[in-house]
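Okay, structure first, notes after.
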Amino acid sequence: MKVSPDGQPTADVIARVKDIPLYREAVARGHFPVLEKAEIARGFPDNWMTPALAAALDAGEAEFVLSTGTNHARMQLIRPPYFLLKSYYRLWSTHPDIKETWEAGCRRVSLTTVLATEHVARVNAKKRGEEPRPDPRPADRRLDARTFYLNTRLDPALWERADVERMLAEMAEARQAHPQGWYHLDCSGYHLAHLLQKINKWGLWDAFSPPASIIHAYEFTPVNVRRYLQQHFACPIIDLFGSTELGYLFYSDRRGRYHPYLEDMSVELAPVTEGSGLFHLIVTSVRNPHMPLVRYRSGDCARTLDGTPDPAKIKQFSGREKELLESPSGPVAQGDLDALVGSVSPHVFVHQLRVLSPAEAVLAYTTFDGRPLAPRQVAALGHGVRELTGRRCVLDHRDHIAIGKSGKYAWLARDGK
């Protein structure tokens, strides 16, 4: 979708949003400001209501949903049924590295947060007019004929052997259902890495059926986690970037280079602070016809290959704007710390920076093999964190770092929080 040089929507976009109450003032002024999440919520749903939307809601062509809320307050949305799933399927079916597994009819096995599994179980229970079960059965965890969810526990580090054996059996069932023995694995990179660790710990490799293709799409995937997965799988491993309200915007190829997937969308990159090389994503999208977003600040940050605000040159999605850490040299994003950790040692698995004061911090970390880093690496990482954040840093090797209530890891923790 084309955009004006100044980021303002083109005439075709304005024509599609001119009757939406939220945009009337901008249309009248001839200028669209950046759209914040608070504005989307203010006066909802009346601020979005048009006769066409009301008719779509009545006909079941549009529905109210909530965003996941794993990185920000949950936001009410209006969208077509299965909007995000269809966005995923379209991308999978056209991706040059993995479309073969779509065309071959592979089942999609999803290994991600327990919140995602519970959502599917709630939807299925509602269809039956029942309350969801506390321990959902396989049928409860099936999203459609092609997709089902595996995880039923919050913290993958605490999976017990029975959990892992059940999941492996369900993955094997998906493989056996395909004439070529293929299935597609959709996952959080962290969850899959934990599964591999459990398989290794209990010697369950004979029960594990490797997938024909892998997508990780649910959260930031650290450099070391991606490396770890690449060591264990020969198939393409693809990263998707998107959100509940937008669908998917970018995909990686099997070598890790990102490519735009901006059907009915455009992206602006605006500097977080001048000279930092870190950018906000501002998205205009009419992909969701019931809730088109014009110059919407997604809350995500990115860095580009050459430091210029060119969306086609994005090299890293760096985490959330609300989680930036201020430092004397400018804002520090999740991706910045992760790049540092990955450059010092490939053995660090989960890491979390706890800020104690403007001058002190602790970097807690786990490793894939359970052993602490060598003293030389500890010193290098402590020095690197100080250079990056302006804070003296000591390292704290742990056996376990708890996952958040959302089923995702927090890279940053502030003292007392």
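The values are calculated or read from the model by the stated rules, or taken from the named source; none is laboratory data. Quick caveat, the model's predicted, so the values are computed rather than measured. A quick note on method: Cβ atoms are made from the backbone with ideal geometry, for glycine too, and the neighbour counts reach across all protein chains shown.
Considering only strands (runs of 3 or more DSSP E) fully contained in the stretch 309-417, which possess at least 3 residues that are under 20 Å from the mean Cα position of the chain (by Cα)?
The strands (runs of 3 or more DSSP E) meeting that bar are 314-320, 348-355.
Taking the stated definitions as given, is Val164 of a type in the set (A, V, I, L, M) and over 19 Å from Tyr218 (Cβ atoms)?
yes
Search the stretch 369-417 for residues being hydroxyl-bearing (Ser, Thr, Tyr) and out of contact with any Phe, Trp or Tyr (no Cβ under 8 Å at 6 or more places or on another chain), and hand back the single one that is modelled with the lowest pLDDT.
Out of the qualifying residues, it is Ser406.
Can you find a residue that is free of Cβ contacts under 8 Å to residues at least 12 places away in the same chain and hydrophobic (A, V, I, L, M, F, W, C) anywhere in the stretch 134-148?
Yes, there is a match, as at least one residue in the stretch 134-148 is free of Cβ contacts under 8 Å to residues at least 12 places away in the same chain and hydrophobic (A, V, I, L, M, F, W, C).
List the residue pairs whose Cβ atoms are under 8 Å apart, where the first residue sits in the stretch 345-368 and is not assigned by TED's automatic domain parsing to the domain that holds Gly384, the second is modelled with pLDDT of 95 or more and crowded, with 17+ Cβ neighbours inside 10 Å, and the two are 6 or more positions apart or on different chains.
Going by the 8 Å Cβ cut-off, there are no qualifying pairs.
In this structure, does Tyr190 turn out to be closer than 16 Å to Asp369 by Cα and of a type outside the set (Val, Ile, Thr)?
Against the criterion (closer than 16 Å to Asp369 by Cα and of a type outside the set (Val, Ile, Thr)), Tyr190 qualifies.
Just to be sure I understand, how many residues within the stretch 258-292 are touching a residue at least 12 places away in the same chain (Cβ under 8 Å), over 25 Å from Lys86 (Cβ atoms) and assigned to a loop (DSSP other than H, G, I, E, B)?
The qualifying residues number 6.
For Ala374, all conditions in the list (1) farther than 25 Å from Leu281 by Cα; (2) surrounded by 15 or more Cβ atoms within 10 Å (Cβ to Cβ); (3) of a type in the set (Gly, Ala, Ser); (4) out of contact with any Pro (no Cβ under 9 Å at 6 or more places or on another chain) hold save one; what is the number of the exception?
Only one criterion is unmet by Ala374, namely (2).
Using the structure shown, decide if Tyr218 is farther than 16 Å from Asp97 by Cβ, crowded, with 21+ Cβ neighbours inside 10 Å, touching a residue at least 60 places away in the same chain (Cβ under 8 Å) and touching a helix residue (DSSP H, G or I) at 6+ places or on another chain (Cβ under 8 Å).
So Tyr218 passes the test.
Of these, Arg295, Arg303, which one is basic (Lys, Arg), assigned to a strand (DSSP E or B) and at positive phi?
None of the others qualify; the one that does is Arg295.
Check Arg414, Arg398, Arg376, Arg392 and return the single one that is more than 30 Å from Glu268 (Cα to Cα) and without any contact (Cβ under 8 Å) to a residue 12 or more places away in the chain.
Arg376
Please specify each residue of the stretch 194-211 satisfying the condition of being within 25 Å of Leu154 (Cβ to Cβ) and in a helix (DSSP H, G or I).
His194, Leu195, Leu196, Gln197, Lys198, Ile199, Asn200, Lys201, Trp202, Ala207
Going residue by residue through the stretch 180-189, is there one that turns out to be without any contact (Cβ under 8 Å) to a residue 40 or more places away in the chain and buried (at least 16 other Cβ atoms within 10 Å of the Cβ)?
No, that holds for no residue.
So which residues in the stretch 21-47 are in a loop (DSSP other than H, G, I, E, B), within 18 Å of Val286 (Cα to Cα) and over 29 Å from the mean Cα position of the chain (by Cα), if there are any at all?
If the condition is that a residue be in a loop (DSSP other than H, G, I, E, B), within 18 Å of Val286 (Cα to Cα) and over 29 Å from the mean Cα position of the chain (by Cα), then His31 is the only one that fits.
Considering only residues of the stretch 162-205 that are hydroxyl-bearing (Ser, Thr, Tyr) and closer than 26 Å to Thr367 by Cα, which is nearest to the chain's Cα centre (by Cα)?
So the residue we want is Ser188.
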